[in-house]
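As structure tokens, the structure follows; a few thoughts come after it.
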Amino acid sequence: GGFLERHVPTIRARYQAQRDAMLAALTREMQGLDVSWNVPQGGMFLWARLPEGMDATKLLDKAVALGVAYVPGLPFYATGGDARTLRLSYVTPSIEDIHAGIAALATAIRQVQTGRP
């Protein structure tokens, strides 16, 4: 009945706005932290890489304590892998939550880098 033809453009625009909000938050919050990320051309997730020597799985508890969660990237590799990688969803949270979550993630990274509990 035309549902997909009506629905898909709305979802695409929403996901793009949320992706762009996450990219802007990363650019703002991760300055000087040596964090890198991709610019997705579609989909629902963004991949980021933490600074040398950090482990996304070990950082997760600190991030959750600050109110943000992500999926460590290591389990997504069939062989080898990179413990510094993490997967961030930009389609579930609101734009406001994206900005707050990325700020919290940056705080967690800074705390690890400075050795603060």
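The values are calculated or read from the model by the stated rules, or taken from the named source; none is laboratory data. Source: prediction; values computed, not measured. FYI the Cβ positions are ideal-geometry reconstructions off the backbone, even for glycines, and counts take in every protein chain you see. Note: areas computed on protein heavy atoms with side chains; ligands, DNA, RNA excluded. Shrake-Rupley method; radii C 1.70, N 1.55, O 1.52, S 1.80 Å.
Decide, for the chain, between rounded, prolate and oblate: order the square roots of the alpha carbon gyration tensor eigenvalues as a ≥ b ≥ c, take rounded if a/c falls under 1.5, and otherwise choose prolate if a/b is larger than b/c, else oblate. Taking the square roots of the gyration eigenvalues as a ≥ b ≥ c, the chain is prolate.
Mean Kyte-Doolittle hydropathy of 0.5 or higher plus an axial Cα length of 24 Å or more: which whole DSSP H helices in the chain meet both?
Helices passing the filter in the chain: 95-114.
Contact order normalised by length for segment 1-87, with contacts defined as Cα pairs under 8 Å and 6 or more residues apart; what percent is it? Once normalised by length, the contact order is 23 percent.
What ranking, highest mean first, results for peptides 39-49, 104-114 when packing means the other Cβ atoms within 10 Å averaged over each residue?
Working: 39-49: 14.1, 104-114: 17.8.
Going from most to least packed, we get 104-114, 39-49.
Shown is the FRET efficiency for Ile95 and Val8, computed with R0 = 30 Å from the Cβ-Cβ distance and rounded to the nearest 0.05: 0.90. Surface exposure of segment 1-111, expressed per residue as accessible area with a 1.4 Å probe, stands at 57 Å².
Placing a label point 7 Å from the Cα of Gln113 along the Cα-to-Cβ direction, the residues of segment 18-60 with a backbone N closer than 14 Å are 26-37, 49-55.
Within the chain, what whole-number % of the accessible surface is contributed by carbon and sulfur, with the 1.4 Å probe and all protein chains included in the calculation? Answer for the chain: carbon and sulfur cover 57 percent of the accessible area.
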